[in-house]
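Down below is the structure, laid out as structure tokens.
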Amino acid sequence: MKRHIAGLACAAMTVLSVPALASTATAQASDPISALRSQFKTGLGVKTVDTTKVRGIAGNAVIAKRTGVFQFGASGIRASDHTTQLRVKASDLGLNGETTTSEDDQLTKMLTGMTNPERVVRVKNATYVSGGVFGEFLPVGKTWLRFDTTLGATGSLSQLVNVAESSTLKALLGHATVKQAGTYAGKITFGELHKVSPWFRASLGGPLARTTAKISMSWKLYLGADKLAKRLTVSYPAGSKNPVTVDTSYTGWGSKVTVATPPADQVAKLSELEFDGKIEPPFTILNTVRN
């Protein structure tokens, strides 16, 4: 009898261990895209930090830093909340507080806005911008400006590649020429990204010029043991032909994230911006990279 009971116990242990082993094998075999899609649960997200540098005569200079979060839904990114600070001082822009005409005043406001942080909240296909350049021209009582096709004035100066989008991650991996343990690298053009990435399209704020679509971007993606992104670096030539490098870190995958739409009574339309100078209006800043 004891031998019979022992045999049943061993059989039971074998049966119980098979699903566990299968589960472990499945987890270990998980690819980056499957790992990403496993994060698509309402109310969860990931934190990001972008650092943008431009190489010039004096070497690499940091021009912008952006921090924020992506909030997921069942099918992917539902919302995002990022704040960008350009690395520019009032003294660098020649601001001395002296204005003599309305045109001078408008220019001063634009330059002052460049020294202030810009916060960009995007919920589905609507973007809300607070602070920064646009904040200087908002009507009294309004603290946000709504857009539908852009990520604000600083969107094109931060990370254009969003590996929290499964379509973008798939495109990158499809162009990978380096595939090592936890590391992928390759090149992809602006035009190719524009086709697959809603984030890329919103970052540049509109259609690409033909020459811009041909720009080639080098990228390198580092994954953790869970096959989720830990770090992404991209590099590409800017309008001045000086290389732009953006380094992004990803932390807190699966953490609780809440991104709320700003109160409707605090949101202004583009037509409500208080701009009456003769210089180019602030929203033309969006064309910096695109054209």
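Here, each number is a calculation from the coordinates, and none is a lab measurement. Since the model is a prediction, treat every value here as computed from it, not as a measurement. So basically every Cβ, Gly included, is an ideal-geometry build from the backbone, and we count neighbours across all protein chains shown.
Below are the figures for this structure:
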{"quantity": "Computed E for V54/V140 - FRET, C-beta separation, R0 35 angstrom, nearest 0.05", "calculated": "0.45"}
{"quantity": "Cα pair count fraction exceeding 22 Å, expressed as % - the stretch 32-285", "calculated": "57 percent"}
{"quantity": "Where trypsin sites (Lys or Arg not before Pro) fall in DSSP loop in the stretch 151-248, at most 16 other Cβ within 10 Å", "calculated": "K214, K241"}
{"quantity": "Relative exposure of L208, L270, L160, judged by other C-beta atoms within 10 Å (fewest first)", "calculated": "L270, L208, L160"}
{"quantity": "Charge tally in the Cβ shell below 14 Å around T52, where Lys, Arg are +1 and Asp, Glu are -1, T52 excluded", "calculated": "+2"}
{"quantity": "Within-14-Å neighbourhood charge of A229 [Cβ basis; K, R +1; D, E -1]", "calculated": "+2"}
{"quantity": "Net charge of Cβ neighbours under 13 Å - reference V178; Lys, Arg +1; Asp, Glu -1", "calculated": "+3"}
